[in-house]
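Peer 1: Quick one: structure below, then a few questions.
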């Protein structure tokens, strides 16, 4: 998931034992922190990977490209649409007031101009606060969805890796230098295979095509923006009004 989207996934490099541990996490921990993968009880022994192959997987993309991920993240996007519309309206109102100040300010009395400046400042402050709250709420809900799916996808990854002789998997969700993987070969990537296997296990049908006829995200290509499947959860209008406050008299 920008956007400074919430990072709920594993570190860039991890071993197969982590996958098995993820499924043992109590459900109450799933939404505790959108920035961390569920922690397994310390008493649970980590299984030993017996394969010798090294592979890569984009965990973030695998979650968002799965049928369940597309469905649930898409529903979240729709749920947040009213807030997006509200923020867009507020943004446009502030832009209108700033334009009024820019075009008519020199013709206004000092009192009228000062009142308009204060109005813009107050609305801008309220807008910034509302947008931050909306962003945090959206990220929190997105994190909960992705953590939940990760917990169910982990054993699928583990099984696929074991069945196909993998001893180590590298997570490529974070591009280098944020992540540890500098370059990879597509022949090493198992993201698409995991998505297909998880779709079968989950039983969630493929979502219908978007109204615009857009294609569903492909698990073998580049990471989708903000980690969301078809659309990014709506947390703010496309453009935020400039935060520069007009000079006071």
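Peer 1: Note down the nm distance, to one decimal, between modelled labels 7 Å out along Cα→Cβ at residue 132 and at residue 53.
Peer 2: Distance between the two pseudo-spin positions: 4.8 nm.
Peer 1: Give me the distance in nm between label points sitting 7 Å out from Cα along the Cα-to-Cβ direction at residue 102 and residue 180, one decimal.
Peer 2: 4.9
Peer 1: Right, next: Using 5 Å bins from zero, what percent of all Cα-Cα pairs in the range 116-202 falls into each bin?
Peer 2: Pair shares across the bins are 3, 11, 13, 15, 14, 11, 8, 6, 6, 5, 4, 3, 1, 0.
Peer 1: Also, quick follow-up: Please give the Cα centre distance for the range 65-81 versus the range 91-116, rounded to the nearest Å.
Peer 2: With the range 65-81 and the range 91-116 each reduced to a Cα centre, they are spaced 40 Å.
Peer 1: Please report 181, 117 as a ranked list, fewest other C-beta atoms within 10 angstrom at the top and most at the bottom. Mind showing how you got there, number by number?
Peer 2: Details: 181 17, 117 20.
Neighbour counts put them in this order, fewest first: 181, 117.
Computed from the coordinates by the stated procedures, all read-outs in this text should not be read as laboratory data. Only a predicted model underlies this, so the values are computations on that prediction, with no experimental measurement involved. In this analysis, Cβ positions are derived from the backbone assuming ideal geometry, glycine residues included, and neighbour counts consider all displayed protein chains.
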